[in-house]
Amino acid sequence: MGLFCLLWIPAFYLFRRSVSAVNSVRYSWALLLGALAAVVLYFTGPLVRPGGFGLSRWFSAFIDIVGLPVIIPMLAYWLLKPLQKYALCRRFFPEYDFYCAAGLADFTLLWLIPLSAMNAAANPHRFPITLVIVPLLWTAQTAGIAFFFSFISRHSRWYSVAALSLSMAAIPLIACSSWWALFSQQTFIGVLLLALSLVPALVSLTAGFVRKT
């Protein structure tokens, strides 16, 4: 299970690039930012101290385990783009398209690789929910959010953008609820929510493969 946690994110990244019809920028510098974030998280520890199986456990999953680890690199991808107008920043960060969903997914997956390695090394008890479910939920959020984001630049009507934005926001909520249900030993609900969170990612991979072939 530790090997799965270590290799799943980079394997998914390579597989996604192989079936994608879009040749995005190689965001190798995201690995460095992800490594810095992993070091900070290692020394700061969890931000939420959960108690029992209630709402605090769900917030702990969202902030420390499932949600924010994916949301933070996505926000970084969008926030770093305006810095491209400064020559000093262009020396460190390559030019990229703000609306490139493939770039957003690649950047996030590369950011998550060091965090996956840290989780694999820091969990000696080999809990499946941490070493297997969490990497799956990370990829479900990354590919799913990028899938809905890819449509935003093509729709100018406010209700289309609102529906796509709500769909993007729903994926982390579903992923965190899946982790919470599995942690609470509500296996059926947890697996159902896990499958639901993976649907946009599977549709995105299938559509990319069809376009490429």
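Read the figures in this text as sums done on the coordinates, not as results from a lab. Remember, it's a predicted structure, so these values are computed and weren't measured experimentally. Positions of Cβ are generated from backbone atoms using ideal geometry, with glycine treated the same way; all protein chains shown enter the neighbour counts.
Details
- Tilt relative to the chain, helix 187-212 - C-alpha long axis, 0 to 90 degrees, to 10: 20 degrees
- Extension gain (nm, one decimal) between residue 165 and residue 121, 0.36 nm per residue minus Cα-Cα: 12.3 nm
- When only Cα pairs below 8 angstrom with a gap of at least 6 residues are kept, the chain shows a relative contact order of 30 percent.
- Along the axis of the charge dipole computed for the chain (Cβ charges of +1 for Lys and Arg, -1 for Asp and Glu, origin at the Cα centre), the listed residues 120, 1, 13 are led at the positive end by 13.
- Approximate spin-label separation residue 48-residue 206, in nm, with each point projected 7 Å along Cα-to-Cβ: 3.2 nm
- Using Cβ point charges alone (K and R +1, D and E -1), the dipole size of the chain about the Cα centre works out to roughly 380 debye.
- Cα centroid of the stretch 48-72 to Cα centroid of the stretch 144-172, whole Å: 24 Å
- Extension gain for the segment residue 31 to residue 187, taken as residue separation times 0.36 nm less the Cα-Cα distance, is 52.8 nm to one decimal.
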